[in-house]
Each structure stands twice: as structure tokens, then as C-alpha cells.
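Structure first, commentary second.
The values are calculated or read from the model by the stated rules, or taken from the named source; none is laboratory data. Worth saying up front: this structure is predicted, and the values here are computed from it rather than measured. Positions of Cβ are backbone-derived with ideal geometry, glycine not excepted, and every protein chain shown enters the neighbour counts. Note: areas computed on protein heavy atoms with side chains; ligands, DNA, RNA excluded. Shrake-Rupley method; radii C 1.70, N 1.55, O 1.52, S 1.80 Å.
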Amino acid sequence: MNRQKLKKKLPQIVVNVVVILAIVLWFLPTLGLLITSFRPASDVAYSGWWTALSSPLKFTQYTIENYQSVLSSGGMLTAFRNSFIISIGGTVIPVFLAALSAFGLSKLNFKGRGFFYALIVMMLVVPSQMTFIPVLRLYNKLSLSGTFGGLWLVHTGYGLPFSIFMLHTFFQSLPDELFEAAHIDGASIWTTFLRLAIPLSVPALASLVIFQFLAVWNDLLVALIYLGGHQSVAPLTMRLSSLVGSHGQDWHLLTAAAFVSMAVPLIVFLSLQKYFVRGLMGGAVKG
Amino acid sequence: MKRSVFVVFSVLLVLALSLGASAQGVVTMMGVWGGQELEAFEEVMDAFTAKTGIKVQFEGTRDLPTLLQTRIAAGNPPDVAALPGPGAMKEYVEQGALVDLNGVFDAKILNEDINDAWIELGTYKDGLYALMFAADIKSLVWYRPAEFAARGYEIPTTWAEMEALMDKMVANGDTPWAIGLESGAASGWVATDWIEDIMLRTAGPDVYDQWVDHEIPWTDPRVQEAFEIFGKIARNSDYVYGGPVTVLSTNFGDSVAELLTDPPRAMMHRQASFVTSFILDANPDVVIGEDVAFFGFPMIKPEHGNPMLGAGDMIGQFNDTPEAAAFMNFLASAEAQEIWANRLGKLGTNNKINPAVYPDDLTRDMARLLNEADVFRFDGSDSMPAAVGAGAFWEGTLMYVGGDDLTDVLEFIENVAVDSY
């Protein structure tokens, strides 16, 4: 009897152990970062963060100095503003365009749509680094370099292939009968898209927004190249990286900076997660 | 509905485009500085703006080589930028990206304020393409003045005197040198600095440049000679504390501690200016400049004079605008360099700098040494391709100190060099 119970439960236990191990492994570096961010610079230089664990309740060994110097360093507010401008534009535009094109590619019948879809998916393979110089040249001619609009376009370009791919797969899974019914009821293509496809794809859109927002928010290289690093346009990532000296001095500040920078994506993720889950459940119940 | 969405987007786009339009009376500059360095450089820029009314837009990034190359290739380099080093400078000149500074600087700066050694360093193919804004020096021998005085040792100014001093130390029962080559994955760089310093003094700056550019092979007798002079010390248990085994296994930051024991286990240590921070970490009570001081690495062959090995901040101009020219002239001036030297303890290259601005006597002494040097050269291993300068050269010195035959070691490095240049 007991043995049978155990036999039934064994796979469950194995799964749990593996999941817990994975969580611990993934969480460990973040924990180290968190603890380091609260330790004074001199301690950081001489001992590892785990030494703080030997007496975790000794509060004198912690300090909020790192956070203070990160937040009070000049231009932080501008950097936050710039990051928001860049990330919101760099997320809304590609997600909107991707929804339109993925809908067209999966639900409208026209000649060569398989070809166009394949072409877009092929673009996933092009490394963005290859495009920097030619695109930047073009930007200089059009005087788009150093502008937020230019950067939105770049993020749109780099984000579209994956976004279209992801939404296309999702739209494909929606039953064609739904759209045929809408058509028979007299809905135009635009109405079908807005009233039927978009509401049905909220879970997919939410996860796409999370992906794209994270990618743009955390981007340093693309912004450096197309925007330049001047303070008035530099996003948070650039501002934070300039806290560290050219030989890596003051790197302890980076740990606190990392948490400051993580705060916004975390809020975005947590607030969108609700829609993400609700969208999934809604679909399940309606069948 | 459809139309209104597009209208909103196009309005947003136009708004965004108009935000970043460039203004006049502005110099754009790209550099690697962050943190404390950036704060010091901001003071330099503010002083320039206060003086001329021209604003400086500074872009700081630690990925400078990549970013600068991309921007040059795309045709919108910054007006002024810090250059990664002499090798990069030459590449940019070949690409036609840099402005010849002979047409930019005032005659007074070129002829009086900046020493010839710095002009020579920024010169390539008959043009002046880089300003040395500040320097760090490496050709320093650290010692304890009190111990030297108690034993009657005198600071050597030539290699013959140095050899006599080493023998005198050995006869007295002292060990002349402390050397530590261990530095994790970068183990060996301390030895490459030694060999570069010797090479500069035995073969001269011209041959040194040929060696760095691999125009002479590693098996050249002059390279061999430099290795042998180093080997005479590092492979000899009389001359170096602990012998080759200790040399190989001691961390570069720990080896200076042998000078500070009582009685000292070794009398001299060759290392760049930054070693003071290692001394203070291990012995916080030591007064740098009193308990521990330095003298310049002595000259070996008089005809090559007293060169100085080091590194520095090189600045080049990419766009020929009057604002950029004004900024370059300001950076070359004593006024700008005094701010930089005062805040960061770096050594300025303008000889009109008031020595009082240096943060301490030690830095003042280094500035004096630097001014007296006839020739300045960048750390050669930094200018070689990474496979050699940050690979085979390091490894080769370790093999050599470990007892390998010199001909084998040099052939090993040469083989790697042939593939990498």
C-alpha cells in the first residue's frame, strides 16, 4: 500500500527536486548581486558576497550607500525619461505592425503569402551587428541618427521578424471558422482584426510586449550606435555603464545600478502577467 | 479609425525626429571615461565652455574601439575622440579619418609647450594625428630609502652601476630583486614590461618600434639580448628572492611585500606607479614617498638615452571644425591638463603645468622623471596583436623563467607572431 503510494508520488518528487534545484541555480547569481549591492565598497573588494551569509542578521555590514550614489548621480532622471521614451516607442510600434502583418499573413488569402512569410522568418537569421554600418550610413544621409524616432525605427526593424513569427503562429491556431463567421456577418477585414483577432490574442500580445520591452529596455549597443552616448538622449543602460571607470573602478556601484534598472521591467512583467494568465484561462473555458 | 492611427504615428515620428537635431557651437567628443574620471573630465569641459562659449557633448563608452570604428565607417565620427592607442591611431590615419593636428595647434603649443617626445608619439607619415593628453609611467624601481642608506647603497643611474649594486647586495647577504609574475590568466605581463624596458634601453626606440610591429623577428639577437638581461636576474636565485620558482608562483601584487618585511627580503621592485595601492593594501601604515620611494629604471646603453615606458590618454580629431580645433588647443593647454592631473594624479604632457597641482610629492617626482625622459613609448605588448601581446609573449616569458632554452622560447613566440600579423 505504502509502496504503491510512493511509486505514484515518486515522479512528482523528482520533478519538484529538479524544479527547486533549477530555481536555486538561477536565483543564486541574482542573490549574490542583491547582497553585494548592499555591501560597502571596501568589503566588496576583499571578500565574496557569501561571507555576509555567515551572519546575515548583522545589519551593520550592510549599507545603502551604493543606491544613494547611483540615484543621486547627475542625469539619472533624464536617463529614466529617455529609457521610457525609447522603450515605449520601441515596443508599441513593432507590436502594432507585427499584429497587422501577422494577421494578414495568416488569415488573408493572397498570392505569395507563404513566400513573404518565409522571407520574414529568414530575416531572423541575419545578425543585427552586420547591419550597423550600412544602416547608420543611411541614417546619416537622412539625418535620422541621434533621434528617438530613428531609434524606434531600428528597434522596430530588429524586433519585427520575431514578433511576426510569434504572432503568426498564434493567429494560425485560431479557428478559421470564427473569421468566416465574422465575414458572413458582414464584418470588414479591419473590424475582424480589431474586434476578433486582437481580443483573442491578448495573451500572445502580452508576452510579445514583455519580450520586446525587455529587449529594448536592456539594450545598450543599438542605442550607442544609432543614438550616441550624449547625456540628453542616453538611456539608463548607458548612464549606468558610465558609472564605472575605464579600468573597471567602482564596479560595486553597478550592482546597485542593476537593481535600479531591473525595477521597471519587473513592474511591466508583473502587471502584464495578469493579462497573460487571464487571456489563457479565458480561451480555455470558452473552448 | 485606420487613418487616425497612422496620423498619430506620423505626428509622433516627426516630433521624435525634431528632438535630436544638432546645434551649432558644439563639439562632440567620445571617450572611455566613467565614474571619477568622467567627473574630472566634466570639469575640463566646463572650463572650456566657460572660456569659449562652445559646448562639449561628451559620449562615454567602454566599448570605444568598436563604436568609434563603426561611426568612422558610417561617416559620422565624433569631432574629437580618445584613441585606444598608437596602433589604432595608425589604422585611423590609413583610413583617412584623422585630421592633421599641425594645422590645428597654435605654433606656441607645438614648439614650446609640448615636448618633442609627445609630438613624435602622435606623428605618423609626416602628420601629427594625436595629442597625448596625459600619461602613466612604468619604468620605475621601488626601494626603501632608509634600508638603502643603512647599507650604504646608492641609486644607480647606469646599468653598470646597477650590476655593481646587485653584486654588492649579494656580497652583503641581501637579495636585490623581488619579482612576481603570477596574474591569473594574464600571468607573465610583468615580465613583458621588464623586457620592453630593457629592449628600449639596449636596442633603442626605433628598433623597439620595429619589434612591436614585427618588422624584426623574435629570434633577432637584439630581442635575445633583452631576454638574457632579464633572465640573468629572474633565473638567478642570488639576484631574485626565492629564485625562479617564487618568481613564477608569486602574484604580481604580493611580490612588492618582500621589500616591506623587517629585515627586507629583497631590496628593489620594478613596477608601474599603480603599485602604491598594493603596498598600502598590505601595509596601511607605510608612508609612500618616505618609507618606500622609487627611482627611474637606469639607462643601459648611453646612446639610447633614458627612455620611459608607459601608457596614456591619446586624443585625435576627426572633423575639421573650428569648434573642434579650439577644443583640441584647450586640451593641449596647461590649464586643461592641470585639472586632469590634479583630480586623477595623472601626469600632464604640457611642460608649463604648475607642479603644485599634482596631488602629492610622489606624483610630482614622476612628472619630473617624465619630463626628463628623452623618449616615451607605449607598452609594446598592448600594441601587438592579442595572440602575441596578450598570449605567446606572456607565455614565452613564463617558459623562459621556468628554465626553457631561450632559442626555443623565441621560436615559439615567432611562430605565433608569423600567423598573427
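List of remarks:
- Within this structure, B:Asn111 fails the test of being more than 19 Å from A:Arg137 (Cα to Cα), touching a strand residue (DSSP E or B) at 6+ places or on another chain (Cβ under 6 Å) and without any contact (Cβ under 8 Å) to a residue 40 or more places away in the chain.
- Here the condition is being within 14 Å of another protein chain (Cβ to nearest Cβ) and not charged (D, E, K, R); of A:Phe116, A:Phe84, A:Phe38, it holds for A:Phe84 alone.
- Residue count, segment A:193-203 (criterion: crowded, with 18+ Cβ neighbours inside 10 Å and in contact (Cβ under 8 Å) with a residue 60 or more places away in the chain): 5
- Under the condition of being open to solvent by 40 Å² or more (accessible area, probe 1.4 Å), under 20 Å from A:Val202 (Cβ atoms) and either within 14 Å of chain B (Cβ to nearest Cβ) or in contact with an Asp or Glu (Cβ under 6 Å, 6 or more places away or on another chain) (or both), the residues counted in segment A:165-188 number 0.
- Only one of the numbered conditions (1) without any contact (Cβ under 8 Å) to a residue 40 or more places away in the chain; (2) more than 14 Å from every other protein chain (Cβ to nearest Cβ); (3) crowded, with 17+ Cβ neighbours inside 10 Å is violated by B:Gly152, and that is (3).
- Residues within segment A:125-136 that are part of a helix (DSSP H, G or I) and surrounded by fewer than 11 Cβ atoms within 10 Å (Cβ to Cβ), tallied: 2
- Output for segment A:150-164, where each listed residue is surrounded by 18 or more Cβ atoms within 10 Å (Cβ to Cβ) and either away from chain B (no Cβ under 14 Å) or among the small types (Gly, Ala, Ser) (or both): A:Gly150, A:Tyr158, A:Gly159, A:Leu160, A:Pro161, A:Phe162, A:Ser163, A:Ile164
Residue-wise test of (1) of a type in the set (D, E, K, R); (2) in a helix (DSSP H, G or I); (3) free of Cβ contacts under 8 Å to residues at least 60 places away in the same chain.
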{"site": "B:Leu165", "(1), (2), (3)": "no, yes, yes"}
{"site": "B:Met199", "(1), (2), (3)": "no, yes, no"}
{"site": "B:Tyr208", "(1), (2), (3)": "no, yes, no"}
{"site": "B:Pro217", "(1), (2), (3)": "no, no, no"}
{"site": "B:Val223", "(1), (2), (3)": "no, yes, no"}
{"site": "B:Asp238", "(1), (2), (3)": "yes, no, no"}
{"site": "B:His269", "(1), (2), (3)": "no, no, no"}
{"site": "B:Ser273", "(1), (2), (3)": "no, no, no"}
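- Whenever a residue of segment A:222-237 is surrounded by fewer than 24 Cβ atoms within 10 Å (Cβ to Cβ), its partners that are basic (Lys, Arg), lying with C-beta atoms within less than 8 angstrom and at least six residues away or across chains, give the pairs A:Gln231/A:Arg239.
- A residue that is at pLDDT 95 or above, within 27 Å of B:Pro302 (Cα to Cα) and not in a helix (DSSP H, G or I) occurs somewhere in segment B:179-187.
- When B:Thr175, B:Thr157, B:Thr202 are screened for being in contact with a His (Cβ under 8 Å, 6 or more places away or on another chain) and polar (S, T, N, Q), only B:Thr202 passes.
- Of the helices (runs of 4 or more DSSP H) lying entirely inside segment B:33-134, those containing at least 2 residues that are within 12 Å of another protein chain (Cβ to nearest Cβ) span B:35-52, B:64-74.
- Residue within segment B:284-303 that is open to solvent by less than 10 Å² (accessible area, probe 1.4 Å), closer than 30 Å to B:Ala149 by Cβ, touching a strand residue (DSSP E or B) at 6+ places or on another chain (Cβ under 6 Å) and modelled with pLDDT under 90 present: no
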